[in-house]
Amino acid sequence: MESPLTNLKDPVSVDEAALLLALSPQAVRELLDTGNLKGSRVGTDWRTTREFLSDYAATFTVQGAPISRTGSIKPPMRVLSFFSGAMGLDLGLEAAGMETILACEFDKASRQTIEHNKPNIPVLGNIWNYSASKIREIAGLSPTEEIDVMAGGPPCQAFSTAGARRSFEDIRGNVFLHYIALIKELQPRYAVIENVRGLLSAPLRHRPHSERGPNFPDLEEAEQPGRALDFIVALLREAGYGVSFNLYNSANYGSAQVRERVVLICSRDGQRVPFLPPTHSNNTDFNLKSWRTFREVTADLPLDMATHIDFPEKRLRYYRLLEPGQYWKHLPVDLQKEALGKSFYSGGGKTGFLRRLAWDKPSPTVVTHPAMPATDLAHPELDRPLSIEEYKRIQDFPDSWEVQGKLLDQYKQIGNAVPVLLGKAIGSAIVAHDSGERWNELEGFPYSRYRNTSDHDRVRDPVDFELIKSQLFTSSE
């Protein structure tokens, strides 16, 4: 008997179908098992297609993907993806009904991941090597063809609070400006910019702390905290875009992870896209689903098939004394001093040292290496770091998404990614806004753990472009 997938392109996995239908993977498998959703077994699991999802959805609204009563999905908004990494943001946008038609990524291992999982889309390398017209050509777009969405997270190290924070003096900061210039030239109907929390307070030009104080001149305009974001927003608004931004905790959108990222959504029609509507909360006052937990998203993973690096043996001595949810402060004081060495006497909470995850809470932010001394991420009970499979579940990647490269390359790619469900929330908001839907923002909702993080909160002085430009690359020596 001929498979229903014969001669149909782009089969959809159970995990991807679950994201599109806003159901659990098990519920999708039950629909396939009973024949209510058409599909075909491939190995031990199922595959279906967007066409079959549309047939099933003839009387059902897929979250974020408008469905007509004839059962046909509205043509997807097309996305040009930049700084794509392992494509967490892109998979989320696709789960909201969009289609990625081009990716751009400098990192070799990440490009391998994209090419392996998305063999039918072009993958660019260094963004500096491509003009706007060349990007159009490679994406298969004519010089006048509409671009729906540009999305990407320019390198964030220049803004990270953990780094030197050279901002736009850093070449990676200049890549950020290059991305803004491409948005202004390509004129997509929507643009998404994602970055770390440090962007909220980053200056345009960093002055070393040793050169501040009463014996030094006052900070210049370009050196003021937060001026990097002010400058970016002003550039986009000058180009006619409506811009909204906030710091979003991915746990509020269904991820089993407390991870906070700045997201700017820009609309070419000049309108402001409201904040992303949360779906989950740790506060029962908002009548939302509870935050998902590490146990919830990893319960069915076979522990004997975990792919992971190992802790040094001397660190395991301490881990064997820690229970789920505990960290170095739960050791006897003499062992705390022994385990942390000189770090014991340094400032800060040091919450990343010797950290076992709790079963029944979201994971902390997954990092690019789960076994660095100050950012350990250990399994709640087993004496090992989190596995690649657990990383993927925490970051909402489908099990079928195969991350390429060496083991540390895989950790890095997943650790740097945008959680897929946060990406889906971004895509759903854009799709809804594009369809004319408007919604009220949830009053008093804590989108993150921090205050004054949104375009509503930040009432700033106007950007003096000429003054900024005169200061931006002027030596501070």
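What value in Å³ per residue do you get for the convex hull of the alpha-carbon atoms in region 291-357?
Details: hull volume 7.9 nm³, N = 67.
Dividing the Cα hull volume of region 291-357 by its residues yields 118 Å³.
Here A374 and K406 are evaluated by their C-beta separation; at R0 = 22 Å the FRET efficiency comes out at 0.45.
Estimated from the Cβ-Cβ distance and a Förster radius of 35 angstrom, the FRET efficiency linking I309 and T144 is about 0.10. Its residue count N sets the reference 2.2 N^0.38 Å, and the alpha-carbon radius of gyration of region 357-417 equals 1.05 times that reference.
Expected output is a single nm value to one decimal: the length gained when fully extending between K337 and D399, i.e. 0.36 nm times separation in residues minus the C-alpha distance. What is it?
Working: separation 62, 0.36 × 62 = 22.32 nm, distance 4.02 nm.
Length difference between fully extended and current span is 18.3 nm.
Enclosing the Cα atoms of region 330-477 in their convex hull gives a volume equal to 267 cubic angstrom per residue. Site pair N126 and L316 shows an inter-label distance of 4.3 nm when each label is modelled 7 Å from Cα along Cα→Cβ. For T307, the residues 5 or more places off, or on other chains, whose built amide H falls under 5 Å of its own are I388, E389. Residues within the reach of a label modelled at L219 (point 7 angstrom out along Cα to beta-carbon, backbone nitrogen below 18 Å), restricted to region 175-200, are 197-200. When the Cα positions of N246, V258, N215 are compared along the charge dipole of region 215-269, V258 comes out farthest toward the positive end, with charges on each C-beta of Lys, Arg, Asp and Glu. Once the 1.4 Å probe is applied to the protein heavy atoms, region 301-393 comes out at 51 Å² accessible per residue. The amide H of Q257, built 1.01 Å from its N in the peptide plane, has A251, S363 as neighbours under 5 Å, considering only residues 5 or more places off or on other chains. Keeping the other protein chains in place, figure out the carbon and sulfur percent of the accessible area of the chain, with a 1.4 Å probe. Exposed carbon and sulfur together represent 50 percent of the surface. I'd like the FRET efficiency for E466 and Y345, computed as 1/(1 + (r/R0)^6) with the beta carbon distance as r and R0 of 51 Å, rounded to 0.05. The formula returns an efficiency of 0.60 here. Considering only F465, Y130, N36, and ranking their Cα positions along the charge dipole of the chain that arises from unit charges at the beta-carbon of Lys, Arg, Asp and Glu, the one farthest toward the positive end is F465. Treating each Cα of the chain as one equal point scatterer and applying the Debye formula with no solvent, the log10 of I(q)/I(0) at q = 0.08, 0.10 Å⁻¹ comes out as -0.51, -0.80.
Given axes a ≥ b ≥ c from the Cα gyration tensor, I'd like to know whether region 241-377 is rounded (a/c under 1.5), prolate (a/b larger than b/c) or oblate. Before the final figure, lay out each step's value.
Values: a/c = 2.39, a/b = 1.88, b/c = 1.27.
Prolate, since a/c reaches 1.5 and a/b exceeds b/c.
Rounded, prolate or oblate for region 208-293? Axes are the square roots of the Cα gyration tensor eigenvalues, ordered a ≥ b ≥ c, and the cut-off for rounded is a/c under 1.5. Show your work: numbers first, answer last.
On the way: a/c = 3.83, a/b = 1.54, b/c = 2.48.
Note, shape of region 208-293 comes out oblate.
The residue list N416, Y345, V366 was ranked by how far each Cα lies along the charge dipole of region 264-420 toward its positive end, using unit charges on Cβ atoms, and Y345 comes out on top. Fully extending the segment from N282 to K184, taken as 0.36 nm per residue of separation minus the present Cα-Cα distance, adds 31.4 nm.
The values are calculated or read from the model by the stated rules, or taken from the named source; none is laboratory data. Just so you know, these numbers come straight off a predicted model, no measurement behind them. Ideal geometry is used to build each Cβ from the backbone, glycine not excepted, and the neighbour counts take in all protein chains shown. Ligands, DNA and RNA are stripped out before the accessible areas are found, and what is left, the full protein with its side chains, is counted by its heavy atoms. Shrake-Rupley method; radii C 1.70, N 1.55, O 1.52, S 1.80 Å.
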